[in-house]
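Visitor: Shown below is the structure under consideration.
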Amino acid sequence: MRAQGLTLLMLSIAVTEVLSSLANKYSGLTGGADGLSFTPGALFGRFEFDFYGQLGYIYAVCVFLVVFGMLRIVFASPFGLTARGIKESPARMRAIGTPVYWRLVSVYTFAGAIAGLAGALGAQSTALVSLNVYDFQRSAEAVIMLIIGGTGRLWGAVIGTIVFMTVHQVAASADPFDWLFVIGALVLAVVYIVPAGLLGLPEMVKKLTGGAR
């Protein structure tokens, strides 16, 4: 965690690419390009995953609600407050005695655990573990969702995901080849018009209307 900002982002991408190459090289363990398929057992020993994914959807929603509730508790805890303080001003938090380095390590580890849980949930629901989990596009989509919804807020991630997936489905259905242009235009519009994300739109409108008065 000595690297920050763009450097940390590039290091994360580099590590992901190295892991992808290793997974592809040792295909005897990972299945290579075909991945590893399996038959998931019944959920809680009672509920079977169906072909249409209905159980997987319900299961994912339940896990999301549990994790979201847990994250709300973490955000409101002293740990969450110090993490937000570090985001605003690391120097100030360091000046009041906060172990900034170890807090960042904890946040990074916690975020990785949540991402790992999402990956495990996806594997269990689809009965497949492929090298696609290392695709840069997957990481980029997560960043785009946060940009659209608003970083630093739980609801920003939720709103960003809903908007991104909706636009993705509509644009891809209308034009399967150039739908990425629509996503790019949306991201540019959000960055230039609402830098804080869609979650910050009401506050921006309030400031504009207040200033007009």
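The values are calculated or read from the model by the stated rules, or taken from the named source; none is laboratory data. Keep in mind the model is a prediction, meaning the values are calculated, not measured. Reconstructed Cβ throughout: ideal geometry from the backbone, glycine too, with neighbour counts over all protein chains shown.
Visitor: Return the pair list, or none, for Cβ contacts closer than 7 Å from residues in the range 164-180 that are more than 20 Å from Gly197 (Cβ to Cβ) to residues that are part of a helix (DSSP H, G or I) and of a type in the set (Gly, Ala, Ser), at least 6 apart or on different chains.
Guide: Trp179/Ala171; Trp179/Ala172
Table: residues versus (1) modelled with pLDDT under 75; (2) among the small types (Gly, Ala, Ser); (3) surrounded by 11 or more Cβ atoms within 10 Å (Cβ to Cβ).
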{"position": "Lys25", "(1), (2), (3)": "no, no, yes"}
{"position": "Gly35", "(1), (2), (3)": "yes, yes, yes"}
{"position": "Tyr52", "(1), (2), (3)": "yes, no, no"}
{"position": "Leu71", "(1), (2), (3)": "no, no, yes"}
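Visitor: So Gly116 passes all but one of these: (1) more than 12 Å from the chain's Cα centre (by Cα); (2) in the same structural domain as Asp34 (by TED's automatic domain parsing); (3) not hydrophobic (A, V, I, L, M, F, W, C). Which condition number does it fail?
Guide: That leaves (1) as the condition not met.
Visitor: Which of the numbered conditions does Val190 fail, given that it passes all the others? Conditions: (1) under 30 Å from Ile58 (Cβ atoms); (2) out of contact with any Lys or Arg (no Cβ under 9 Å at 6 or more places or on another chain); (3) in contact (Cβ under 8 Å) with a residue 40 or more places away in the chain.
Guide: With (1) under 30 Å from Ile58 (Cβ atoms); (2) out of contact with any Lys or Arg (no Cβ under 9 Å at 6 or more places or on another chain); (3) in contact (Cβ under 8 Å) with a residue 40 or more places away in the chain applied to Val190, the lone miss is (1).
Visitor: Still on this model: Quick one: would you say Leu199 is surrounded by 16 or more Cβ atoms within 10 Å (Cβ to Cβ), hydrophobic (A, V, I, L, M, F, W, C) and either modelled with pLDDT of 85 or more or under 29 Å from Ala76 (Cβ atoms) (or both)?
Guide: Judged against the criteria, Leu199 is a match.
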